[in-house]
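Presented below is the structure to which this report refers.
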Amino acid sequence: MFEKGKIISHRGIHDNKKVYENTLEAFELAIKKDYIIELDIHLTKDKKIVVFHDDNTKRITGIDKIVEQSTYQELNNQDIIYIPLLEEVLNLVKGQVPLLIELKQLYKVGELEDNLMTILKNYQGNYAVQSFNPKVLYYFKKNYPYVLRGQLSCNYKNKQLPFYQKILLKHMLLNPITKPNFISYKYNELSLIKLNKYHKNNIPVLGWTVTNKEDYNYYIKYYDNLICEKFI
């Protein structure tokens, strides 16, 4: 799934000027280069899964809309980009390259997961899911244990969270319960000691998000693979 040396393209290949992140155009470019595709999903107000990163569309479109409080049509009532449905992305990819799907959620765990698995039920390509939220991983462990699941994390230094929550998430203290199949950590925030510990336990570790060739050449020696953008 995460063949070392095969680039994982962060939200496809994009520059956010001519080609925007998480768009069909960005994914088509990644497919042409035979890159693994990392993408993000949300559940809209009208229960459609769209491929978009932020909770709010303002950074990309200039329009202040919370994705999960908007319908699919409302999200695409702008001229900057087309926000695709997950089904459209799957129809484009058709198993040509693996997909790394990050679940984004503001509210209750379960609905997005169930809708996702309904859509993926007949998909023939390789895929894995990942999330910063351990509850998402636990839901997959209980209900869809056959799906590869990854715990996303970082040092949470600049995140506005209670101290105890930062400790819990930074050190992934719920992993013994959620049992992720792999870990995806900010590439320059995980010590070699921790990396070696995970590898000794046969847990693959991905690093995110590398933006230059120099860092890629250095860190690929230690990680199982790296999620990349810009220089790719």
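Those residues that are β-branched (Val, Ile, Thr), closer than 17 Å to residue 149 by Cα and open to solvent by 60 Å² or more (accessible area, probe 1.4 Å), I need them from the range 175-225; list them, please.
Within the range 175-225, 177 is the sole residue that qualifies.
Any residue in the range 130-151 that's under 17 Å from residue 107 (Cα atoms) and assigned to a helix (DSSP H, G or I): show its pairings with residues that are among the basic types (Lys, Arg) and modelled with pLDDT of 95 or more at Cβ separation under 6 Å, as long as the two are six or more apart or on different chains.
Listed by first residue and then by second, the contacts come to 137/149; 140/149.
If you take the residues in the range 115-136 that are under 20 Å from residue 3 (Cα atoms) and out of contact with any Asp or Glu (no Cβ under 7 Å at 6 or more places or on another chain), which one is surrounded by the fewest Cβ atoms within 10 Å (Cβ to Cβ)?
Of everything passing the filter in the range 115-136, 124 is surrounded by the fewest Cβ atoms within 10 Å (Cβ to Cβ).
Answer yes or no as to whether residue 139 is of a type in the set (Ser, Thr, Tyr) and open to solvent by 70 Å² or more (accessible area, probe 1.4 Å). Break it down into steps so the answer makes sense when it comes.
Working: of a type in the set (Ser, Thr, Tyr): yes; open to solvent by 70 Å² or more (accessible area, probe 1.4 Å): no.
No: the conditions fail for residue 139.
Determine the pairs where a residue that is over 12 Å from residue 185 (Cβ atoms), located within the range 195-218, has a partner that is open to solvent by 90 Å² or more (accessible area, probe 1.4 Å) and part of a loop (DSSP other than H, G, I, E, B) with Cβ atoms under 6 Å apart, the partner being 6 or more residues away or on another chain.
211/230
Can you name the helices (runs of 4 or more DSSP H) wholly within the range 153-232 that have at least 1 residues being modelled with pLDDT of 95 or more, closer than 17 Å to residue 8 by Cβ and in contact with a Gly (Cβ under 6 Å, 6 or more places away or on another chain)?
Working: elements: 163-170, 175-178, 192-200, 213-219.
So the answer is 213-219.
Considering each residue of the range 55-113, count those that are touching a His at 6+ places or on another chain (Cβ under 7 Å) and farther than 30 Å from residue 204 by Cα, and give that number.
So in the range 55-113, the residues touching a His at 6+ places or on another chain (Cβ under 7 Å) come out as 67-68, 104.
Now narrow it down to the ones that are farther than 30 Å from residue 204 by Cα: 67-68.
So the answer is 2.
The values are calculated or read from the model by the stated rules, or taken from the named source; none is laboratory data. Keep in mind it's a predicted model, so treat the numbers as computed, not measured. Every residue, glycine as well, gets a Cβ built from its backbone with ideal geometry; the counts of neighbours run over all protein chains shown. Note: areas computed on protein heavy atoms with side chains; ligands, DNA, RNA excluded. Shrake-Rupley method; radii C 1.70, N 1.55, O 1.52, S 1.80 Å.
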